[in-house]
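Below: one structure, written as structure tokens.
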Amino acid sequence: MNFKKKILCIGAGYVGGPTMAMIARKCPDYKVTVVDINPARIAAWNSADIPIYEPGLDEVVQEARGRNLFFSTDVDAGIREADIIFVAVNTPTKTFGEGAGKAADLQYWEKTARQILANSEKGKIIVEKSTLPVRTAEAMERILNTNDKGLHFEVLSNPEFLAEGTAIADLEAPDRVLIGSRETPEGLQARSEVVDIYAHWVPKKSIIESNVWSAELSKLVANAFLAQRVSSINSISALCEKTEADVGEVAYAIGTDSRIGTKFLKASVGFGGSCFQKDILNLVYICQSYGLTAVADYWESVVKLNDWQQQRFVQTILSSMFNTVAGKRIAVLGFAFKADTGDTRESPAISVVRNLVGERAAVVVTDPKALPHAKADLKDLGDTVEFEDDVYKACEGAHAIAILTEWKQYKDLDFARILKSMQSPAFIFDGRNLLDHQALYKMGFNVFAIGKSPLRHF
Ligand code: UDX
Ligand code: UDX
């Protein structure tokens, strides 16, 4: 089959995999290849059991795989034939040296740029998909365009805004697609080629074009603003618990002001996920490096509040259970950082479980999708933590239940049955405000929710 264009994506992760699967579905005239250095991941993408749980993704992969969507470990061959290369390798927070704990670790990015150069026999369009510090494209251009082959590369930024659990819907009908390039004739030509890909299914008015630095920075800022809303409402949840205000009612009342809007105002045990904290710390680091201390401090407080909210949740458990949880069985329902994903990166459940174990509680973790990751995250705790597939068994003999992920199925549990199997007094700590608190209280539970007055029988 003669394809109009050959697209390559380096990095078959949460972003690269679903994004390329959607491009392949919508652009049957393009050949889309996804490569990764991890052979197990590629083998999984080529199997019936794809490596990411994401509603709807299976069907998209099955439709396009083998037709115009290919997964491979041969990065060099992929680079050689590609016209457009998306780079979606991971950019974790640096753990060493200058900027440790805040700056992005760009070693995979730079290695990838050098590999692209080594294997290119013609100039190419390089598209940043990974979240990167503003002005990374400049460094990439320097590496790529300092070559003795006479090749020219255009580096563009096309940040990904999809959220896990809704990735397919987000890709199918995005609020917007953002494409930033240099505003030179070559840059604008490259921009139009990337616009053409998305124009296969995204209305032109939803494709935003900008300069490359605006696109890079917008990704960090979008995540920082979303996370800031969660921290803002979480800060108010603490005040609600002191004043008999109800955070759900406050969020509803302010959210109906169209200037504020309703989304991302759900108080919780804290935000998690691979992006929010990493991107804010990255923003903080960039501001610090430009001497913008007030700006850096402002954004850093969003992360600090999030850490505090998680600690506060454990303190509530401790103080309401008579200041000791030592030896008490606590069933943690949900370990994923949000519902509809098996991903546990930066999940608040990690710190909550660790702090409970620090208090010598006997923690049992259950989750419909995330137990394999939970086991890996808590490996160093050995058998002090129990893992249980069956949520009813997890609750058996427990003194308390802590809801840490808003899985819908937890709403429909037979709580009367659960209560009978628990120690009394029985406690529920709802870190996601998911359950019907009044009903549970009437049944006999002592109920502690986020940003609401406790419902206790003593
Ligand atoms: C990506 C981006 O990397 C991150 O910056 C952004 O904020 C979110 O999207 P994600 O897709 O979630 O992250 O990362 P991950 O699931 O870890 O996938 C990255 C993949 O790149 C891994 O499968 C890894 O094996 C691969 N990789 C990494 C390469 O193929 N080559 C490398 O040199 C490094
Ligand atoms: C986020 C961004 O939404 C997405 O645009 C970007 O590309 C990647 O980062 P994701 O991390 O998948 O996506 O999940 P998101 O739905 O944003 O939730 C992040 C965290 O905030 C979760 O832990 C979630 O439970 C929490 N959250 C979200 C709240 O606690 N309250 C809310 O009101 C919304």
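Every number in this text was worked out from the coordinates using simple rules, so none of it is lab data. Just so you know, these numbers come straight off a predicted model, no measurement behind them. We place every Cβ from the backbone using ideal geometry, glycine too, and count neighbours over all the protein chains shown.
Seen from LYS111, the other residues with C-beta closer than 14 Å to its C-beta sum to a net charge of -3, counting Lys and Arg as +1 and Asp and Glu as -1. Rounded to the nearest 5, the antiparallel percentage of DSSP beta bridges internal to the chain is 5%. With Cα atoms defining each centre, the stretch 355-374 and the stretch 12-83 are spaced 33 Å apart in the structure.
Partners of LYS338 within straight-line reach, counting aspartates and glutamates whose Cα lies under 15 Å from its Cα and excluding those fewer than 8 residues away in the same chain: GLU54, GLU164, GLU346, ASP367, GLU406, ASP430. Measure nothing but the geometry: give the 0 to 90° angle between the long axis through the Cα atoms of 136-145 and the longest principal axis through the Cα atoms of the chain, rounded to 10°. Helix 136-145 and the main axis of the chain meet at about 30 degrees. For the stretch 110-139, the set of GluC sites (Glu not before Pro) satisfying both a DSSP loop assignment and a count of at most 10 other C-beta atoms within 10 Å is given as GLU121.
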